[in-house]
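The values are calculated or read from the model by the stated rules, or taken from the named source; none is laboratory data. Everything numeric here is computed off the predicted structure, so don't read it as measured data. Cβ placement follows ideal geometry from the backbone for every residue including glycine, while neighbour counts extend to all protein chains displayed. SASA here: full protein model, heavy atoms, side chains in, ligands and nucleic acids out. Shrake-Rupley method; radii C 1.70, N 1.55, O 1.52, S 1.80 Å.
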Amino acid sequence: MRDDVKPVGRRQRKALETRRRVLDAAEQLFVSDGYSATTIAAIAETADVAVQTVYSVFGNKRAVLTELLAARTVGDDGAAPLRDRQDWQAMEAESEPRRQLALLASIATRIGGRMAPLYDVMAEAAGSDPELAAVFRQQQEARYKDQRRVARSLAHKDALRDGMSEVRATDVMWALANPRTHRALVGERRWPTDEYEGWLGQLLAGALLKD
């Protein structure tokens with residue numbers, strides 16, 4: 001069972017299915033038409049639900065995008081943040097530094113596949129909506145804090161190359177293990193996903209670890 005997802009009854013399942021349809025429809029429209037041009041009515045029509053259903057579940061378009069980002073970050077309907085997920089905890093617990101960074105690359109690749117198209121959407125929306133700009137900053141800060149945990153783990157193992165501080169290691173991960181990098185190489189340059197994941201793991205290890 002997925003993290004933080006408990007068995008649900010028929011009514012709850014129906015509500016979850018409706019929520020997923022709305023989020024899928026919103027993602028399709030946000031990516032194809034842009035955030036500003038997408039209306040709640042268009043989302044409802046694409047999801048095959050009533051307009052009022054979208055309002056009752058999410059409240060407004062800003063909330064739809066905010067919840068879409070959260071869902072695509074973790075990959076399911078659970079409320080547990082990334083750092084509390086089994087795959088993330090297994091990566092943090094890995095004792096061998098190169099294997100740990102390979103696991104981080106795997107997680108980052110999966111997140112990139114889900115999130116990369118939405119980064120352009122969020123950048124557009126944040127430019128005209130201060131509240132969404134704040135949400136985007138919070139999401140970025142959460143990613144940095146999660147990566148800081150990995151850098152701290154590597155530092156505790158005395159695995160970082162000479163002169164590489166915990167903060168600098170976090171900055172490197174921030175720049176490389178990034179959905180924008182995934183979008184550039186997988187989305188635009190058509191790298192196979194497995195090749196991208198292997199490249200990212202090797203690049204992180206080469207940049208961060210002792211020889």
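Any chance you could count how many residues in region 124-145 are farther than 22 Å from Asp76 by Cβ and in contact (Cβ under 8 Å) with a residue 12 or more places away in the chain?
7
Among Ala116, Ala79, which is the only one that is assigned to a loop (DSSP other than H, G, I, E, B) and either modelled with pLDDT under 95 or at positive phi (or both)? It would help to see each step written out before you state the result.
Details: Ala116 fails: assigned to a loop (DSSP other than H, G, I, E, B).
Sole residue among the options that is assigned to a loop (DSSP other than H, G, I, E, B) and either modelled with pLDDT under 95 or at positive phi (or both): Ala79.
Given (1) touching a strand residue (DSSP E or B) at 6+ places or on another chain (Cβ under 7 Å); (2) open to solvent by 70 Å² or more (accessible area, probe 1.4 Å), where does Arg152 come up short, assuming only one miss?
With (1) touching a strand residue (DSSP E or B) at 6+ places or on another chain (Cβ under 7 Å); (2) open to solvent by 70 Å² or more (accessible area, probe 1.4 Å) applied to Arg152, the lone miss is (1).
What helices (runs of 4 or more DSSP H) lie completely within region 165-211 and have 2 or more residues being under 19 Å from Leu118 (Cβ atoms), in contact (Cβ under 8 Å) with a residue 40 or more places away in the chain and not aliphatic (A, V, I, L, M)?
179-182, 193-208
Residues are listed down the side, and each one gets a yes or a no for (1) touching an Asp or Glu at 6+ places or on another chain (Cβ under 8 Å); (2) open to solvent by less than 70 Å² (accessible area, probe 1.4 Å); (3) within 23 Å of Arg114 (Cβ to Cβ):
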| position | (1), (2), (3) |
| --- | --- |
| Arg20 | yes, no, yes |
| Leu23 | yes, yes, yes |
| Leu29 | no, yes, yes |
| Ser36 | yes, no, yes |
| Ala47 | yes, yes, yes |
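On the basis of being open to solvent by less than 20 Å² (accessible area, probe 1.4 Å), in contact with a Leu (Cβ under 8 Å, 6 or more places away or on another chain) and touching a residue at least 24 places away in the same chain (Cβ under 8 Å), does Leu104 make the cut? It would help to see each step written out before you state the result.
Details: open to solvent by less than 20 Å² (accessible area, probe 1.4 Å): yes; in contact with a Leu (Cβ under 8 Å, 6 or more places away or on another chain): yes; touching a residue at least 24 places away in the same chain (Cβ under 8 Å): yes.
When the stated conditions are applied, Leu104 passes them.
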